[in-house]
Each structure stands twice: as structure tokens, then as C-alpha cells.
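Novice: Following this message is one structure expressed as C-alpha cells.
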DNA sequence: ACAATATACAACCATATGGTTGTACGTGCT
DNA sequence: AGCACGTACAACCATATGGTTGTATATTGT
């Protein structure tokens with residue numbers, strides 16, 4: 001599963017910022033799980049105004065984590081797994097950075113015992 | 001590599017918020033890569049005041065992404081890969097949520113053709 | 001045509017954020 | 001002892017964020 005990040009610093013800022021809110025993570029979870037959700041349907045699930053939820057969806061859209069498409073008078077919110085994968089890839093990259101610290105040591109340990117010359 | 005998230009909503013908020021800044025992601029990358037870095041050494045690398053970098057490190061520490069330990073008059077910043085893994089795990093979970101949408105369909109498709117009854 | 005619904009968007013407000021400068025304190029070096 | 005260095009922390013400022021209410025516009029159903 002090779003996913004190139006390919007995002008500018010600003011886009012990454014937006015992406016992680018979007019994930020740094022409980023309501024927004026919940027929305028992402030719902031739409032990723034396939035809940036066919038209009039903005040008002042989503043709004044019904046949280047104890048805040050419609051406008052507030054509308055703003056959260058806008059932040060997620062700005063981050064590329066969801067897209068909206070019109071269906072009659074409502075807007076259906078759909079998850080974008082690719083963008084999620086990009087965020088995931090960046091964290092994985094950082095983890096690799098860490099484990100790379102030991103890769104050289106690992107290599108030495110994994111090396112078969114050398115015969116005497 | 002099973003990593004349980006095990007974090008409250010608030011902690012996740014702090015964690016992703018900490019990652020939502022270019023300077024902070026850069027600091028994380030450096031310390032995860034093993035750069036033995038005091039706060040002032042880090043500060044030297046960015047075009048902002050020492051106090052600003054100090055605040056960024058504090059945000060990372062609050063999020064659990066780094067720890068500081070005293071060494072003489074300086075504080076050495078060290079990366080905490082476990083917390084990184086937790087953030088990573090959550091995103092992976094959300095990705096799984098997406099792919100789970102097709103698992104049932106996959107199962108049907110993978111099913112061997114049924115004999116006539 | 002009309003009422004109800006879904007959305008968009010602006011204005012407003014309190015608080016958080018990301019930066020600055022200034023001051024105080026502990027540690028190291030000569 | 002005295003100075004330089006590294007850190008801590010407070011005060012301050014401009015802007016961003018997360019919420020509200022209110023108003024306008026498009027669509028649906030009767």
C-alpha cells in the first residue's frame with residue numbers, strides 16, 4: 001500500500017487541523033463507514049447548531065477529507081479515503097524515521113556470523 | 001503491529017493539533033530521526049524567537065509526542081514513537097472503516113459459485 | 001402559489017493560537 | 001565572583017477558531 005503524501009505544508013496543516021476536533025473526527029468516521037449523510041442529517045446528531053456543523057463539514061472539505069455533492073435540495077457528504085491515506089502515510093513516514101535509527105544495528109545483528117578469515 | 005489508541009477525545013484533539021503545524025512536524029521529524037536536540041539547538045534552526053520554539057515544544061510535549069529531560073543547564077528533547085503510533089493507529093482505523101464498506105461485497109464475490117439445489 | 005425544508009452566508013462574540021519582547025533564575029566557565 | 005548561556009514564564013498583540021443568531025435563496029410537496 002504505497003501512498004505518496006504529495007501535499008504542501010499548508011495542506012498538511014489543514015489536514016491535521018481538520019482531524020484535531022472530536023466532532024469532525026466523528027463525522028469522518030461516519031461518512032467513511034458509508035453513512036449516506038446530508039449536512040442536516042449530520043447536524044441532527046450533534047448538540048450544536050446546523051451552522052456549526054456546516055462549518056465543521058467545510059473544514060473537512062477544505063482539508064480534502066470529504067466532498068459534497070448536491071442531491072436535490074440537500075448536499076450529501078462523502079468521505080475521501082485517499083486524503084485519509086495521505087495523512088496516515090505521513091505519520092507512518094515519521095514512524096519509519098524512528099525505526100530507521102535502529103536499522104543499522106538490526107542489520108548487524110541479522111548478519112550471519114562471519115567465518116574466520 | 002497492534003497499537004491500541006487508548007486516548008480520550010481531548011488527548012486526540014491535542015495530538016492532531018500538535019501535528020497541524022509545519023514547524024512542529026519538522027521538530028518531530030528531527031527528534032524521531034534521533035537528532036540529539038536541546039531546545040536552543042532546535043530554536044537555532046527556525047526563523048523565529050527562542051520563546052516561540054519553546055512554545056512549540058511545549059505543545060508537542062502536551063500532546064505526548066516528545067519528552068524533555070534536563071542535561072546540565074539545557075533540556076534535551078526526545079521523541080516518543082508510541083504516541084506517534086497511536087495517532088497513526090487511529091487514522092488506520094478510519095481507513096479500515098472505509099474498506100469495511102466493501103468487505104461484505106468482497107465476501108460475496110469471493111464465495112465459490114453455489115451448486116443448484 | 002405557498003409553506004416547509006436544506007443550505008449558504010454574514011455578522012458577531014469569546015477564547016485559543018502563534019508570534020513577540022522583557023524579566024527572572026539556574027548552570028557552567030574562567 | 002562574575003558573565004554568558006539555556007531555560008522558564010509573564011504580558012502583550014493580531015489573527016484564527018468554534019460557536020451563536022439572523023437573513024436570503026433554492027428545492028420539495030400539497
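Read the figures in this text as sums done on the coordinates, not as results from a lab. Bear in mind that the values here come from a model prediction, so they are computed numbers and not experimental data. Cβ: placed from backbone, ideal geometry, glycine included. Neighbour counts: every protein chain shown.
Novice: What is the protein assembly as shown by shape, rounded, prolate or oblate, if you read a ≥ b ≥ c off the alpha carbon gyration tensor as root eigenvalues and call it rounded for a/c under 1.5, prolate for a/b larger than b/c, and oblate otherwise?
Specialist: Cα axes put the protein assembly as shown in the oblate bin.
Novice: Then there's this: Mind checking A:38-51 for the average number of partner chain beta-carbons within 10 Å of each residue's beta-carbon?
Specialist: If you average over the peptide's residues, the count of other-chain Cβ atoms is 0.
Novice: Measuring nothing but label to label, 7 Å from Cα along Cα→Cβ, what are residue A:34's distances to the other copies in nm, shortest first?
Specialist: 4.5
Novice: Suppose you put the label 7 Å out from Cα in the Cβ direction; list, shortest first and in nm with one decimal, how far residue A:47 is from each other copy's label.
Specialist: Relative to the other copies, residue A:47 has label-point distances of 4.7 nm.
Novice: If you don't mind, another one. Students often get this wrong: which residues of the range B:1-44 have the backbone nitrogen under 19 Å from the point 7 angstrom along Cα-to-C-beta of residue A:8?
Specialist: Residues B:20-26 qualify, since their backbone N sits under 19 Å from the label point.
Novice: What FRET efficiency do you get for residue B:74 and residue A:29 if R0 is 45 Å and r is their Cβ-Cβ distance, rounded to the nearest 0.05?
Specialist: The value I calculate is 0.60.
Novice: Compute the long axis of helix A:81-110 from its Cα atoms, compare it with the longest principal axis of the Cα atoms of chain A, and write down the angle in degrees, 0 to 90, nearest 10.
Specialist: Between helix and principal axis, roughly 10 degrees.
Novice: Something else now. Measuring nothing but label to label, 7 Å from Cα along Cα→Cβ, what are residue A:68's distances to the other copies in nm, shortest first?
Specialist: Spelled out, the distances from residue A:68's label point are 4.2 nm.
Novice: Does anyone have the angle between helix A:22-32 and the longest principal axis of chain A? Alpha-carbon axes, 0 to 90°, nearest 10?
Specialist: Once rounded, the angle reads 90 degrees.
Novice: Residue B:93 to residue B:49: extension gain in nm, 0.36 nm per residue of separation minus the Cα-Cα distance?
Specialist: 12.0 nm
Novice: Set the Förster radius R0 to 30 Å, insert the Cβ-Cβ distance between residue A:61 and residue B:58 as r into 1/(1 + (r/R0)^6), and round the FRET efficiency to 0.05.
Specialist: So the FRET efficiency works out to roughly 0.45.
Novice: Quick check: the angle from helix A:9-19's long axis to the longest principal axis of chain A, C-alpha only, nearest 10 degrees?
Specialist: That works out to roughly 70 degrees.
Novice: So, one more: Assuming a ≥ b ≥ c are the square roots of the Cα gyration tensor eigenvalues, decide whether the range B:9-110 counts as rounded (a/c under 1.5), prolate (otherwise, with a/b larger than b/c) or oblate.
Specialist: Judged from the Cα gyration tensor, the range B:9-110 comes out prolate (a/c at least 1.5, a/b above b/c).
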